[in-house]
1. Of all the residues that make up region 354-367, how many are among the hydroxyl-bearing types (Ser, Thr, Tyr), open to solvent by 100 Å² or more (accessible area, probe 1.4 Å) and part of a loop (DSSP other than H, G, I, E, B)?
2. I need every pair where a residue in region 268-289 that is at positive phi has its Cβ under 9 Å from the Cβ of a residue that is open to solvent by 10 Å² or more (accessible area, probe 1.4 Å) and in a loop (DSSP other than H, G, I, E, B), sequence separation at least 6 or different chains.
3. Of the residues Glu294, Glu318, which single one is charged (D, E, K, R) and at pLDDT below 95?
4. Sort through Arg91, Arg77, Arg99 and tell me the only one that's part of a loop (DSSP other than H, G, I, E, B) and under 30 Å from Tyr174 (Cα atoms).
5. Among Glu288, Glu351, Glu294, which is surrounded by fewer than 16 Cβ atoms within 10 Å (Cβ to Cβ) and either in a helix (DSSP H, G or I) or among the basic types (Lys, Arg) (or both)?
6. Restricting to strands (runs of 3 or more DSSP E) lying wholly in region 104-181: which have 3 or more residues that are under 30 Å from Thr240 (Cβ atoms) and in contact (Cβ under 8 Å) with a residue 24 or more places away in the chain?
7. Open to solvent by 30 Å² or more (accessible area, probe 1.4 Å) and within 16 Å of the chain's Cα centre (by Cα), is that true of Lys216?
8. Could you please find all residues in region 313-340 being out of contact with any Phe, Trp or Tyr (no Cβ under 7 Å at 6 or more places or on another chain) and part of a loop (DSSP other than H, G, I, E, B)?
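The values are calculated or read from the model by the stated rules, or taken from the named source; none is laboratory data. Please read all numbers here as calculations on a predicted model, not as lab measurements. Quick reminder, even Gly has a Cβ in these numbers, built from the backbone with ideal geometry, and neighbours come from all protein chains shown. The protein model used for the area step is the full one, side chains on, heavy atoms only, and it has no ligands, DNA or RNA in it. Shrake-Rupley method; radii C 1.70, N 1.55, O 1.52, S 1.80 Å.
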Amino acid sequence: MLKVQSKTGNYITIHGEHYSYFAGNDYLGLAHHPDVIQAATLALEKYGISFSASRQTTGTSEIHLELEQLLARFKTRQDAVVYATGYLGNRLLFHALKRQYSTVFADAQAHPSISDGVPGGIPSRIYEHCNPNHLEDLLKKNKKHRPLIITDGIFALTGKIAPVDEIYSLAEKYNALLIVDDAHATGVLGKNGTGTPEYFNLQNAKNLFQSETMSKALGAYGGFIAADETLIQSIRSESTFYGASTALPPPLVAAGCASLSLIQQQPELREKLKKNAELIRKGIQNMEFHTTGEGTPIIPILFQSRQKTKALSEYLKENHIVAPAVDYPVKTDNFIIRITASTNHTTEQIENLLFILKKWREKYGTH
């Protein structure tokens with residue numbers, strides 16, 4: 001575990017030394033954007049640290065309502081609800097939709113918040129990672145069940161985009177609900193940055209829902225769901241998880257409002273992110289490292305050896321680059337160096353990363 005002594009921008013400080021930072025999930029660099037920091041500071045001065053109450057009692061403020069209205073407009077939905085952490089989102093949706101399904105069908109590498117969120121007594125079926133054919137086999141074998149399909153939009157470790165277009169076709173064919181956990185896609189994918197459904201031209205598709213977070217590309221914190229008024233009102237009135245949680249702190253709410261404005265007003269942030277990610281990915285591919293994903297800011301280097309994975313991560317650190325060896329949040333068949341691109345990375349930083357990777361490859365190979 002690293003002990004960071006600075007903000008986690010494109011550079012960080014560890015033990016008083018400067019490192020290039022190719023980790024984390026602040027894809028658009030908004031967590032440290034001056035406008036976002038200023039908004040959070042002003043809210044801190046006006047409202048204090050916390051409202052110290054649930055949204056159902058005295059915890060709802062004018063800025064909570066403003067954020068929810070901004071999110072609804074961003075997602076072109078009727079309403080939105082924000083809550084303590086993105087991890088809760090899938091659980092909230094599972095419970096809000098509980099009368100409409102009887103079995104959950106989940107991707108084999110789905111985020112733990114999905115398996116943790118399935119209500120007790122509801123059976124789950126696991127389909128092979130990003131494999132619509134296997135999913136359809138399971139749906140055929142469980143025709144007596146009312147299905148709810150759930151997948152990540154972008155998978156956190158590999159950067160792979162789920163085939164949501166194919167999965168949604170199956171959902172229509174088998175009269176299923178579909179939830180996309182878009183934690184790593186919101187702010188990144190789609191013409192307007194609204195996530196995986198927009199990427200596949202499925203905006204406002206019937207029976208397709210998203211659980212989302214403001215803690216990654218949006219640079220703030222807290223989860224949100226944007227949907228029709230009926231579903232959002234159901235979450236507000238019936239969910240014990242939502243009703244019994246302390247409201248989001250004022251600085252984080254204000255930060256979310258500011259970051260949303262930046263995402264919508266500055267599409268060039270996504271273009272720069274895409275350019276940086278492709279520069280890294282092509283460099284890694286040209287060196288014949290095993291990697292996955294296209295068009296996302298997550299660029300993994302995959303190994304079959306845990307020892308080799310850790311050795312590369314340590315070698316990068318020795319050369320003042322942070323890119324961790326990870327096996328969280330899910331287990332895969334590989335060990336992974338998880339490199340993430342940011343809008344704020346400079347060309348010089350990326351070239352240095354690729355230079356150090358090339359030096360390691362020449363000494364130790366790629367497999």
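1. 0
2. Glu288/Thr366; Glu288/His367
3. After ruling out the rest, the residue left standing is Glu294.
4. Working: Arg91 fails: part of a loop (DSSP other than H, G, I, E, B); Arg99 fails: part of a loop (DSSP other than H, G, I, E, B).
Result: Arg77 is the single residue among Arg91, Arg77, Arg99 that is part of a loop (DSSP other than H, G, I, E, B) and under 30 Å from Tyr174 (Cα atoms).
5. Just one listed residue meets the conditions, Glu351.
6. Numbers: elements: 124-127, 147-152, 177-181.
So the answer is 147-152, 177-181.
7. Criteria met by Lys216.
8. Within region 313-340, the first condition is being out of contact with any Phe, Trp or Tyr (no Cβ under 7 Å at 6 or more places or on another chain), and the residues that meet it are 313-314, 316-319, 324, 326, 328-333, 336-338.
The answer is Asn319, Pro324, Tyr328, Pro329, Val330, Lys331, Thr332, Asp333.
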